[in-house]
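Here the structure is laid out as structure tokens; the discussion comes afterwards.
The values are calculated or read from the model by the stated rules, or taken from the named source; none is laboratory data. Only a predicted model underlies this, so the values are computations on that prediction, with no experimental measurement involved. Positions of Cβ are backbone-derived with ideal geometry, glycine not excepted, and every protein chain shown enters the neighbour counts.
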Amino acid sequence: MFNLDAGVGETPMTKRLVPLLWLVPLAFLGVFYFYPLGTIFQVSFSRAEGSLWQTVLEMLQAPSVRRVVGFTYYQAGLSTLLTLLVGLPGAYLFARYTFRGKNLLRALTGVPFVMPTLVVAAAFDALLGSRGWLNLGLMQLFDLAEPPFQFSNTLTAILLAHVFYNTTIVMRLVGDFWANLDPRLSQAARMLGANRWQTWRKVTLPLLAPAILAAALLVFIFDFTSFGVILILGGPQFSTIEVEIYYQAISLFNLPLAAVLAIIQLLTTLGLTVIYTRLMARLSRPLSLRPKSLTQQRLSTWRQRLAAGLLVAFLLGLFITPLVSLGVRSFVQLEPDRGQRTFEGPHVTLAFYRALWQNSNQSMFFASPAEALATSMGYAGGTVALSLLLGLPAAWMLANRQQDLVSRILDPLLMLPLGTSAVTLGLGFIVTLNRPPLDLRTSPLLIPLAHTLVAFPFVVRSLTPALRSIQPRLRQAAAVLGARPWDVFRSVDLPLVARALLVSAVFAFTISLGEFGATALVGRPDLPTVPVMIYRYLSQPGALNYGQAIALSTILMVATTVGMLLIERARVGEGAEF
Amino acid sequence: MSGLSIAGIHKTFGGKPVLAGVSFDQAPGEVLAVLGPSGCGKSTLLSIIAGLVLPEQGKVIWDGQDFSGIPPHKRNFGLMFQDYALFPHMNVRANVAFGLRMHGLPKDVVEKTVAETLDLVGLPGFDSRDVHTLSGGEQQRVALARALAPQPNVLMLDEPLGSLDRALREQLLEDLREIIRQAQQTTLYVTHDQEEAYTLADRIVVMRAGKVVQIGTPQQIYQQPNSAFVARFVGLNNLLPGKARGSEVRTSLGVFPLASPAQGPVQVLLRPNAARFGDEHTDLTGEVTEVVFRGETCLVRISAGEEKHPLSFELPSNEAIPQAGDRVQFSIDAGPGLAWFTMEQDELD
């Protein structure tokens with residue numbers, strides 16, 4: 001078939017040069033992803049005694065390893081299912097109805113997603129933990145000595161945190177797709193005698209399948225590689241692969257086992273992504289999508305209003321209560337600190353915030369919130385620059401050279417960093433980037449490089465559909481009017497994806513702002529980021545340290561919320577794939 | 001009574017009235033066209049009859065039964081959408097079979113009916129084609145087959161030919177007429193195109209701004225439009241302002257007899273064949289501004305009289321046709337008297 005989609009206005013020479021666009025992102029992935037990862041695997045296995053295969057097989061047969069792997073799949077599957085259950089009604093509401101406050105609600109549901117795991121864990125702890133509002137209230141009310149409600153260290157805590165985190169993925173991915181789905185398809189089914197349930201099962205669900213699948217894949221990968229949530233909320237009896245890698249590598253220095261676990265994680269991600277790509281090709285239909293203005297209506301009957309009201313209340317409860325309780329908790333001292341003799345009872349205070357500025361332990365590695373935030377912002381800025389620089393050419397190639405063999409191979413590979421253990425990668429950085437010519441141990445670039453690996457797949461996922469959605473005719477028109485390929489890109493592609501570009505930039509920024517696993521491993525102790533500082537406070541005992549952790553979490557929460565609101569203002573009409 | 005009755009339908013969207021008291025009746029087997037400009041509320045009316053949208057007031061009655069509380073899937077009204085809304089995840093057979101399956105018909109009946117209906121719409125053997133491999137005209141036929149297969153009480157078509165090119169439209173219009181007549185299918189056809197309405201409909205309901213302004217056979221609508229709006233809408237654009245005094249009207253082009261007596265300011269309708277060119281017994285002159293060849297006839301536009309009133313007339317193209325720029329003498333044949341409309345109606349435009 002004659003394909004006019006790509007390569008408008010190309011001369012034979014530019015045609016040969018364009019594939020070189022792959023060079024930059026590939027070189028980056030090669031040096032900062034595959035090389036460290038390969039090296040750490042090699043180092044790990046060289047420590048193993050006996051033949052490699054035998055070692056691996058023995059490890060895989062150990063009941064403890066099986067339990068960890070089994071639990072990781074189990075909790076990820078269950079979390080994904082629950083997330084879909086919560087997210088789909090929300091997606092429907094956002095897709096088909098307009099109502100007051102919708103944009104604000106939309107922005108708010110996006111806030112959890114970019115919250116650092118530590119903050120989320122702290123927020124749930126502040127609400128439901130043994131020192132949380134719920135338990136304190138119950139203890140006060142019934143005069144109990146012990147917190148009656150066990151939340152921390154339960155599977156419920158893990159599942160709830162995962163749902164809290166990832167519901168927005170379902171609501172956005174499925175909701176955006178649903179919003180553009182022609183409502184007349186289900187109307188046609190109704191006219192032909194299908195009731196609501198039949199219409200959903202036979203028409204809406206099959207048409208939504210690609211979007212639901214895409215969302216489920218991402219949610220599963222996030223739940224599968226979850227680290228902070230499990231570490232803090234799950235407690236010692238729950239261990240996922242990622243947490244186990246951390247224990248094995250850092251605490252027990254059992255690198256071979258850590259490597260095997262990291263490979264299991266990688267293979268799962270790769271396998272899922274490949275299955276996903278296959279299924280997408282089978283499930284995707286050429287749809288005539290319709291603008292939202294034609295598919296959305298107001299809530300009109302009282303029954304619709306009631307259902308929408310309940311749903312909104314539920315979503316607000318799920319998304320806002322933990323965050324608000326975190327914010328409130330940071331201003332209230334409920335119990336005396338260690339060694340504090342005179343405690344006048346629970347009171348509102350700025351003590352936690354004030355203490356953040358005091359280096360009370362005379363620590364060498366102390367940083368004030370301003371300093372930590374400045375460090376975080378600096379790293380985040382670097383991450384944005386790097387991930388856009390790398391993501392834009394990759395996305396352009398994926399969008400315009402969809403059928404090329406290279407694109408087809410690289411498409412799933414680009415998702416790999418998302419499913420890679422941050423701990424493993426951090427260790428890889430430590431063993432590979434420590435000698436010339438790549439001696440980056442003390443370089444301020446090291447952290448942005450690590451963060452870019454996480455942000456890069458996001459940037460590619462949100463830019464590719466935007467670039468793909470540009471009508472080829474616009475490029476043809478520009479070319480006919482005399483624009484060279486670069487002019488076409490600059491004058492057509494770039495302005496049309498400006499919004500998607502901004503959205504990816506803010507995503508990269510907030511991802512970097514909240515990243516903890518890799519930062520903790522490879523970051524310089526004298527330049528801690530905000531999450532690292534939060535973790536330091538959390539891991540020290542006492543009410544003051546806990547309060548400081550919560551106060552600093554609140555600062556980070558406000559910073560990320562502002563970022564999310566900026567995204568929300570920028571998004572108009574275009575669907576991002578994440 | 002049997003058939004479809006629409007009684008006093010009111011609907012507002014965001015405080016704006018879209019339908020303001022629409023009523024009409026349709027006999028079983030009748031083909032009714034709802035004709036009106038875009039935005040007149042005709043598509044909303046279809047959605048209300050289908051049960052997809054609820055009216056604020058008014059009733060939809062089928063065979064004496066009030067359908068107001070009945071959900072769309074229990075009405076058995078067929079609706080063919082503007083750009084078809086074919087299910088993209090099903091092939092042709094599954095699309096056409098959908099309604100039959102939803103009605104719980106046994107498998108062999110479904111298969112037989114699908115085959116018969118595809119034959120009827122001229123697509124035999126298309127069963128296992130994917131819908132996105134079909135051309136626009138083929139998709140339209142599949143959509144028609146899908147709507148017809150469950151033998152709906154009323155078949156409703158919402159501008160079904162809107163997105164097709166002219167040659168295909170004419171072909172499909174003929175086929176559609178044939179199919180509907182053959183099946184004696186009660187049909188409600190929504191369109192903004194008078195030609196489509198003339199071709200298909202037994203009667204036409206003309207709508208304007210959420211109201212029914214005239215109901216009649218195609219001939220009645222064209223010969224006796226009841227307002228300047230309907231006249232303009234069916235292509236009768238020669239409206240001349242004047243002052244009526246009993247059975248006569250005084251205009252800038254002279255005094256003419258009226259079809260019925262009137263008083264005060266009116267506008268009168270000059271039919272496109274009312275001009276006699278080259279009549280030397282008249283002092284009525286005009287300048288030809290444009291001549292458009294239309295096949296059998298030519299459209300001659302002139303600016304007539306001292307007020308340069310724009311008029312257009314049709315002349316058989318085998319006669320002598322004036323050229324653009326010519327000054328021509330002509331007379332007006334008022335026949336048994338000119339149709340007139342009050343000015344108020346026109347000022348609503």
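Among the residues of the stretch B:95-110, write down those that are among the basic types (Lys, Arg) and within 11 Å of chain A (Cβ to nearest Cβ). Step through it out loud before you land on a result.
At the first step, the residues of the stretch B:95-110 found to be among the basic types (Lys, Arg) are B:101, B:107.
Selection gives B:Arg101 alone.
Matching residues to (1) surrounded by 19 or more Cβ atoms within 10 Å (Cβ to Cβ); (2) farther than 20 Å from B:Val22 by Cβ; (3) out of contact with any strand residue (DSSP E or B) (no Cβ under 6 Å at 6 or more places or on another chain); (4) modelled with pLDDT of 90 or more:
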{"position": "B:Arg177", "(1), (2), (3), (4)": "no, yes, yes, yes"}
{"position": "B:Gln185", "(1), (2), (3), (4)": "yes, yes, no, yes"}
{"position": "B:Val205", "(1), (2), (3), (4)": "yes, no, no, yes"}
{"position": "B:Arg208", "(1), (2), (3), (4)": "yes, no, yes, yes"}
{"position": "B:Arg232", "(1), (2), (3), (4)": "no, yes, yes, no"}
{"position": "B:Ala274", "(1), (2), (3), (4)": "yes, yes, no, no"}
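Which members of the stretch B:323-349 meet the condition of being outside any strand (DSSP E or B) and either closer than 19 Å to B:Gly254 by Cβ or at pLDDT below 85 (or both)?
Residues satisfying the conditions are B:Asp333, B:Ala334, B:Gly335, B:Pro336, B:Gly337, B:Met343, B:Glu344, B:Gln345, B:Asp346, B:Glu347, B:Leu348, B:Asp349.
Being outside any loop (DSSP other than H, G, I, E, B), surrounded by 23 or more Cβ atoms within 10 Å (Cβ to Cβ) and of a type in the set (Gly, Ala, Ser) is the filter here; which residues of the stretch B:139-175 pass it?
Answer for the stretch B:139-175, where residues must be outside any loop (DSSP other than H, G, I, E, B), surrounded by 23 or more Cβ atoms within 10 Å (Cβ to Cβ) and of a type in the set (Gly, Ala, Ser): B:Ala143, B:Ala145, B:Ala147.
Condition first: touching a residue at least 24 places away in the same chain (Cβ under 8 Å), under 22 Å from B:Met343 (Cα atoms) and of a type in the set (Gly, Ala, Ser). Can you find one or more residues in the stretch B:278-289 that meet it?
no
Check whether at least one residue in the stretch A:264-275 is modelled with pLDDT of 80 or more and in contact with a His (Cβ under 8 Å, 6 or more places away or on another chain), and report yes or no. Step through it out loud before you land on a result.
Taking the stretch A:264-275 as the starting set, the residues that turn out to be modelled with pLDDT of 80 or more are A:264-275.
If we keep only those that are in contact with a His (Cβ under 8 Å, 6 or more places away or on another chain) as well, we get none.
Looking through the stretch A:264-275, none of the residues is modelled with pLDDT of 80 or more and in contact with a His (Cβ under 8 Å, 6 or more places away or on another chain).
Do you know which residues across the stretch B:81-94 are touching a residue at least 40 places away in the same chain (Cβ under 8 Å) and either within 9 Å of chain A (Cβ to nearest Cβ) or under 21 Å from B:Ile9 (Cβ atoms) (or both)?
B:Phe81, B:Gln82, B:Asp83, B:Tyr84, B:Ala85, B:Leu86, B:Phe87, B:Pro88, B:Met90
Check the stretch A:69-80 and report whether any residue there is exposed (fewer than 13 other Cβ atoms within 10 Å of the Cβ), over 22 Å from the mean Cα position of the chain (by Cα) and at pLDDT 90 or above.
yes
For the stretch B:57-74, enumerate the residues that are within 8 Å of another protein chain (Cβ to nearest Cβ) and more than 17 Å from B:Asp158 (Cα to Cα). Working first, answer last.
Taking the stretch B:57-74 as the starting set, the residues that turn out to be within 8 Å of another protein chain (Cβ to nearest Cβ) are B:71-74.
B:Pro71, B:His73, B:Lys74 - these are the residues of the stretch B:57-74 that are within 8 Å of another protein chain (Cβ to nearest Cβ) and more than 17 Å from B:Asp158 (Cα to Cα).
Where in the stretch A:128-216 are the helices (runs of 4 or more DSSP H), entirely inside, with at least 1 residues that are surrounded by fewer than 23 Cβ atoms within 10 Å (Cβ to Cβ), among the hydroxyl-bearing types (Ser, Thr, Tyr) and within 14 Å of chain B (Cβ to nearest Cβ)?
A:183-191, A:196-199
Would you check which residues across the stretch A:115-149 are farther than 18 Å from A:Thr321 by Cα, without any contact (Cβ under 8 Å) to a residue 12 or more places away in the chain and not hydrophobic (A, V, I, L, M, F, W, C) and list them?
A:Gln140, A:Asp143, A:Glu146
Return the only residue of A:Leu108, A:Leu118 being modelled with pLDDT under 80 and either buried (at least 24 other Cβ atoms within 10 Å of the Cβ) or within 15 Å of the chain's Cα centre (by Cα) (or both).
Values: A:Leu108 fails: either buried (at least 24 other Cβ atoms within 10 Å of the Cβ) or within 15 Å of the chain's Cα centre (by Cα) (or both).
None of the other options fit; the residue is A:Leu118.
Kindly check whether there is at least one residue in the stretch B:111-121 that is at the interface with chain A (Cβ under 9 Å from one of its Cβ atoms) and at pLDDT below 95.
no
Could you tell me whether B:Val31 is over 30 Å from A:Ala209 (Cα atoms) and either touching a helix residue (DSSP H, G or I) at 6+ places or on another chain (Cβ under 6 Å) or of a type in the set (A, V, I, L, M) (or both)?
When the stated conditions are applied, B:Val31 passes them.
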